[in-house]
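The values are calculated or read from the model by the stated rules, or taken from the named source; none is laboratory data. Computed from a predicted structure; not experimentally measured. No Cβ is skipped: glycine too gets one built from the backbone with ideal geometry, and neighbour counts run over all protein chains shown.
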Amino acid sequence: MGQILHGSATTTHAIRTAIQRSCASNAALSRELGINVKTVAKWRKRQTVEDVRMGPKEAHSTALSVEEEAVIVAFRRHTLLPLDDCLYALQPSIPHLTRSLLHRCLQRHDISRLPGMEGDKPKKKFKRYPIGYVHIDIAELRTAEGKLYMFVAIYRTSKFAFVRLEKKVGKMAAAQFLRDLIAALPCRIHTILTDNVLCREFPAA
C-alpha cells in the first residue's frame, strides 16, 4: 500500500525512519539529506512517521454557534423528529439554518439516524390522541454563556413542533409561549400534556 504524504512534505516515511534511527547530529543529517535542520529535529522528536492531521482538532460548524448547535442537538434528542420536521420547527429560532447545515450538525453529534432505522432499537411510538392535545416540555441547555431554556410543544395529532428559546423560566415567558403556540396552530388546544415539573408555570389551557 502506498504512503500518503502531506502536500508540502519534503521527506518520505523511509527518510523519517532513518532520521529517528540515526545517531548523527541534526546538522549532519540536514546536510546529508538536503533538508532543513528544523525538519530533522521535528521528525527526531516524533514517535511515528505519519503526518499530523491538519485543521481543527474537533469538527465544528463555521455557520452555527455553539449555542445554536446545543439547541439543535437537544431538540433532536428530545423530540426524535425527522430531519425536515426539525428544520421547520427550528428555523424561526435559527433563521439561517438550512437543511444541509442541520444534517451536518446531526452527523457531527452522531444523531443523524433516528431510532427505528436499520440496526437500531425500535423507536418508541407516541400514543394516539384526538385533535386538541399538545405535549409541552422544557429542556435546560448549558452553554459557554450560561443557561438557556428550550420550550418545546408537540401537537400530538400531526407531530407539529413549536420551539422557543428563553433565558429564564417564569409565568411571563410561559404565557407568551402559549399565546404564540395558540396563534401558530390551526386547531384549538383543549389539553396540555407534560411530565416536566417546570411546566407548572403554564396557565391552564
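The table that follows gives values for the structure above.
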{"quantity": "Candidates Asp137, Asp120, Asp110, filtered to the one that is outside any helix (DSSP H, G or I), surrounded by 10 or more Cβ atoms within 10 Å (Cβ to Cβ) and modelled with pLDDT of 70 or more", "calculated": "Asp137"}
{"quantity": "Near pairs, Cβ below 6 angstrom, 6+ apart or cross-chain, from segment 82-95 (in the same structural domain as Gln107 (by TED's automatic domain parsing) and over 14 Å from Ile111 (Cβ atoms)) to any residue that is among the charged types (D, E, K, R) and in a helix (DSSP H, G or I)", "calculated": "Leu87/Arg99; Ile94/Glu68"}
